[in-house]
Each structure stands twice: as structure tokens, then as C-alpha cells.
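S.K.: This structure is in C-alpha cells; I'll ask about it shortly.
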Amino acid sequence: MKNIGLFIIACALVTCNKPVKKQPAQAKIALKLVKPVSLAPEIQPDIPNYPADTVYPARILSTGVFHNDEVDKKDGRLQWMGLFKNDSSYYLSPFNITLSRVKDEIVDERPGEKTGWEVKTGKRDSAILLIGGLNYLKSCSVKTLLKSDTVLLTGHSISLF
């Protein structure tokens with residue numbers, strides 16, 4: 001037993017004289033560039049690019065006030081037909097459009113600045129749709145305009161009359 005105890009002490013002394021050099025662990029750090037992630041959903045509109053307004057044969061407006069780029073002074077020279085509603089029916093009728101400069105409440109900041117356009121028809125009945133530049137439209141009453149489930153897609157057309 002004495003021999004075993006002396007052997008253990010001798011081994012401990014031998015190993016204590018030779019300190020073990022611990023090498024620092026080399027951390028491998030790989031930097032990876034990542035694309036920032038947004039918490040908001042990315043919106044991808046499913047709308048094809050529209051051609052310039054100059055390729056359309058007609059202009060469609062409603063009554064009200066518009067920004068400068070939404071109405072053109074040339075619109076006043078077009079022949080206009082309107083879809084109107086009175087107390088009991090709908091009808092298509094010609095009218096003279098009235099365009100006047102007004103204050104654009106969103107854009108105009110300086111006093112007296114008037115960059116907006118106001119569109120009026122001069123008719124008492126409610127204007128539903130104003131169509132300019134289609135000279136083949138005729139006055140008529142409209143019984144049914146569209147079925148409730150009708151969908152008009154870009155690039156497609158529907159017959160109203």
C-alpha cells in the first residue's frame with residue numbers, strides 16, 4: 001500500500017512540474033451577409049403596365065376636383081356623353097363639360113395657388129360616368145348597365161349597350 005501511495009505522489013509531482021499549455025480555442029467566425037427582412041408583407045401588384053394615355057380613343061372622368069395631371073385642358077374640346085341618374089332611371093346624354101382651375105387642397109401651399117381642376121356637367125341629375133371623345137355614342141335610356149357579378153379586367157372590354 002505504501003508503494004502505491006508513493007507512486008501516486010510521484011506521478012503527481014512529475015505532472016505538476018510540466019505545466020500543460022492550454023491553447024486558446026480558435027473560434028471560427030464566418031460572417032455572412034444577409035438580406036434585411038421586413039416584417040411588412042411585400043406587395044407585388046398584379047397589374048400590367050398601362051400604355052400612355054395617348055393611345056386610348058376616349059377619356060373617362062367623373063365630376064369633382066382633380067390634381068393637375070389628372071385632367072387636361074384639351075378635355076374641354078372633346079365631345080362628351082354622360083351616364084346620368086335621375087329619380088327613376090339612368091340615361092346617356094350629351095353635355096358640355098366645364099373645366100375650371102381651383103385650389104388643390106393637397107398640393108397647393110401658397111395663397112392664391114390654383115393647380116387643381118374642377119369638372120362639372122351643368123346638368124341637375126347625378127353624373128355617374130363622363131365619356132369624352134367617342135363620337136358614335138347616342139342619347140338613350142339605360143335599363144341595365146352591368147350584372148352585379150360582372151368583372152372588367154385590364155385589356156378586356158364589355159358592351160354596355
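The values are calculated or read from the model by the stated rules, or taken from the named source; none is laboratory data. All figures in this text were calculated on a predicted structure; none of them were measured in a lab. Please note: Cβ atoms are built from the backbone with ideal geometry, for glycine as well, and neighbour counts cover all protein chains shown. Just so you know, the surface numbers come from the protein's heavy atoms only, side chains and all, with ligands and any DNA or RNA stripped out. Shrake-Rupley method; radii C 1.70, N 1.55, O 1.52, S 1.80 Å.
S.K.: Exceeding 19 Å between C-alpha atoms, which entries from my cross-link table qualify? They are K120/K143; K123/K147; K85/K123; K73/K120.
M.R.: Result: K120/K143; K123/K147 exceed 19 Å.
S.K.: I would also like to ask the following. With all protein chains present, how much of the accessible area of the range 62-111 (probe radius 1.4 Å) comes from carbon and sulfur, to the nearest whole percent?
M.R.: On the range 62-111, the fraction of accessible area on carbon and sulfur atoms equals 47 percent.
S.K.: Turning to a different aspect of this structure: At 1.4 Å probe radius, can you tell me the per residue accessible area of the range 112-156 in Å²?
M.R.: Value for the range 112-156: 74 Å² per residue.
S.K.: With a 1.4 Å probe and all protein chains left in place, how much accessible area per residue does the range 63-104 have, in Å²?
M.R.: About 61 Å² of surface per residue is accessible.
S.K.: Could you work out the local net charge near N86, counting Lys and Arg as +1, Asp and Glu as -1, over the other residues with Cβ closer than 12 Å to its Cβ?
M.R.: It works out to a net charge of +1.
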